[in-house]
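The values are calculated or read from the model by the stated rules, or taken from the named source; none is laboratory data. Model, not experiment: these values are computed from the prediction. Methodologically, a virtual Cβ is constructed for each residue, glycine included, from the backbone with ideal geometry; neighbour enumeration extends over all protein chains shown. We work out accessible area using only protein heavy atoms, side chains counted, and drop any ligands, DNA or RNA first. Shrake-Rupley method; radii C 1.70, N 1.55, O 1.52, S 1.80 Å.
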Amino acid sequence: MLSTLLPRRAFSAGALVLAATLSGVVFTSTARAADATRIGILIPGSKSDKGWMESGYDGLTAAQKKHGDKVKVQMIENINYADMEQALTNLATKNQLVIGVGGQTQAALMKVAKRFPKTKFSIVGGSKGDTLPNVAGYDVKQAEIAFVAGATAAMLSKTGAVSYVGGMEIPSIVNAGKEFGKGAAYINPKIKYVENYTGDFDDVAKSKEATLAAIAQGADVHYHILNLGLRGMEQAAKEKGTHIIGSYTDRCGTDPLYPAYSITGVGFQVEYAINEMLGGTWKAGYKPFGLAMGPKASDMVACNATPQIKAKIEEIKKDILSGKIKVLEG
């Protein structure tokens, strides 16, 4: 496999190769078939954030392991929002499929896709909206599983108060916050719900401040859609003896700070996009994932919960799938 990793930087026109050469970029390579499918992937945050970005990276590595020399990967990681369009342009010039990991890549990706009609693009975390014949949007349905997470948080809370911290205040993140609150109220109509947005998925100080403010209002179980900002939530929870419902990957048993995890299959969708590309079945358009696609795509795991709590979680999931409980898109 050949992987190219470009770190965070401002991308000036015509300077990409030089910048990569001067910045300690990591290149690894092995022999590969000449007809390998070229995959470009933008992971705008850190691939070790214990969240969305790391899940996406896990899906990439799983696809590389599965397909071996059939794929050639170029990855750009940890990029500023203002530099996304240039980074995606760089990927589009060199690859047959470009994957944007996160809804925050969607606006820039759509602009670039118009200029590269022969290149295919997939957005992990894409929402409904304008479509192009060379763009696929995969909806992880964060709002859906956030409802289940809210219900779980309410069942685990000892104070009758729970909180949510989101990063950028974009529709998918806001909808998840709304559904988390609704899920908590579904279990306890009198529950106190504290909701905050930091404006940045990676700002540790802001997420810590938001979590401490929620704790001051009584919240003892927290949920999030953050990247590296999760570190701030962890700091606050450890200091005050509260708990976090983790996101994206089941890590039960690794940290007592986390009594439960919501599974949002970011990595599953990255791997899906690559599998579809290599299988010749890649399709443009909006595709919802969520609970209907199975536990690898979406699930809720309560690590050491009582049988009653686990049974209630399963009941809520079934009611969402049947339409008995209705949740927001995105």
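Taking amide H as placed 1.01 Å from N in the peptide plane, N80 has its amide H under 5 Å from the amide H of R9, each at least 5 places away in sequence or on another chain.
Counting charges near G40 (Lys, Arg +1; Asp, Glu -1) among other residues having Cβ under 13 Å from its Cβ returns a value of +3. Each residue, K240 and T254, gets one label point 7 Å from its Cα in the Cβ direction; the gap between the two is 2.5 nm. When the surface is traced with a 1.4 Å probe over the full set of protein chains, F116 keeps roughly 50 Å² accessible.
With θ taken as phi - 60° and the Karplus curve 6.51 cos²θ - 1.76 cosθ + 1.60 applied, the whole-hertz 3J(HN,Hα) list for segment 57-74 is 5, 4, x, 4, 5, 5, 5, 4, 5, 5, 9, x, 6, 6, 10, 10, 10, 10 Hz, x standing for glycine and proline. The GNM of the chain, with springs linking C-alpha atoms under 10 angstrom apart, assigns the highest mean-square fluctuation among Q308, Q74, Q104 to Q308.
Across segment 92-106, rounded Karplus estimates of 3J(HN,Hα) from the backbone phi angles (6.51 cos²θ - 1.76 cosθ + 1.60, θ = phi - 60°) give 5, 6, 10, 10, 8, 10, 10, 10, x, 9, x, x, 5, 8, 5 Hz, Gly and Pro being marked x. Taking square-rooted eigenvalues a ≥ b ≥ c of the alpha carbon gyration tensor, is segment 213-267 rounded, prolate or oblate, where a/c under 1.5 means rounded and, failing that, a/b exceeding b/c means prolate? Here segment 213-267 falls in the prolate category. As a length-normalised measure over Cα pairs under 8 Å and 6 or more apart, the relative contact order of segment 76-181 settles at 20 percent. Between A205 and N304, what is the FRET efficiency for a Förster distance of 30 Å, r being their Cβ-Cβ separation, to the nearest 0.05? It comes out at approximately 0.45.
Amide H to amide H distances under 5 Å link H224 with V165, where only residues 5 or more positions off or on other chains count and H is placed in the peptide plane. In terms of its C-alpha gyration tensor, segment 263-308 comes out prolate, because a/c is 1.5 or above and the ratio a/b outweighs b/c.
Partner lysines whose Cα lies under 19 Å from the Cα of K70, excluding those fewer than 8 positions away in the same chain, are identified as K94, K120. The alpha carbon centroids of segment 36-101 and segment 129-144 are separated by 17 Å. For K326, the lysines whose Cα comes closer than 17 Å to its Cα, not counting residues fewer than 8 places off in the same chain, are K141, K178, K182, K312, K317, K318.
A Gaussian network model of the chain, with springs between Cα atoms under 10 Å, assigns the largest mean-square fluctuation among L278, L60, L97 to L278.
For A136, the residues whose modelled amide H falls within less than 5 Å of its own, excluding neighbours fewer than 5 places apart on the same chain, are F121, S122, I123, G285.
Pull out a ≥ b ≥ c, the square roots of the eigenvalues of the alpha-carbon gyration tensor of segment 182-287, then state rounded if a/c is under 1.5, prolate if not and a/b is larger than b/c, and oblate in the remaining case. Since a/c reaches 1.5 and a/b is larger than b/c, the shape of segment 182-287 is classed as prolate.
Taking 0.36 nm per residue of separation and subtracting the Cα-Cα distance, what length does fully extending K118 through K70 add? Please report the intermediate quantities before stating the final value.
Numbers: separation 48, 0.36 × 48 = 17.28 nm, distance 2.00 nm.
That pair, K118 and K70, stretches by 15.3 nm at full extension.
Normalising the average separation of contacting C-alpha pairs (under 8 angstrom, six or more residues apart) by the number of residues puts the relative contact order of the chain at 18 percent. The string of couplings for segment 306-313 from the Karplus curve (6.51, -1.76, 1.60, θ = phi - 60°) is 5, x, 5, 5, 5, 5, 5, 4 Hz, one whole number per residue in order, with x for Gly and Pro. On the basis of the beta-carbon distance and an R0 of 35 Å, A292 and K158 show a calculated FRET efficiency of 0.60.
Taking a sphere under 12 Å around the Cβ of A210 and counting the other residues whose Cβ falls inside, with K and R at +1 and D and E at -1, yields a net charge of -2. Kindly state, to the nearest 0.05, the FRET efficiency for T93 paired with E329, given R0 = 30 Å and r defined as their beta-carbon distance. Once rounded, the FRET efficiency stands at 0.35. For segment 64-121, applying the loop criterion from DSSP together with a ceiling of 11 other beta carbons within 10 Å to the trypsin sites (Lys or Arg not before Pro) yields K118. If you average the C-alpha positions of segment 256-330 and of segment 152-170 separately, how far apart do those two centres end up, in angstrom? Answer, in whole Å: 19. Note on the chain: GNM, Cα springs under 10 Å; of G181, G265, G160, the largest mean-square fluctuation is that of G160. Report summary: the helix-based calculation at 222 nm, which adds -39500 (n - 2.57) for every DSSP H run with n ≥ 4 and divides by the residues of the chain, gives -12500 deg cm²/dmol. Between A107 and A213, the modelled labels are 2.3 nm apart [label points 7 Å from Cα along Cα→Cβ].
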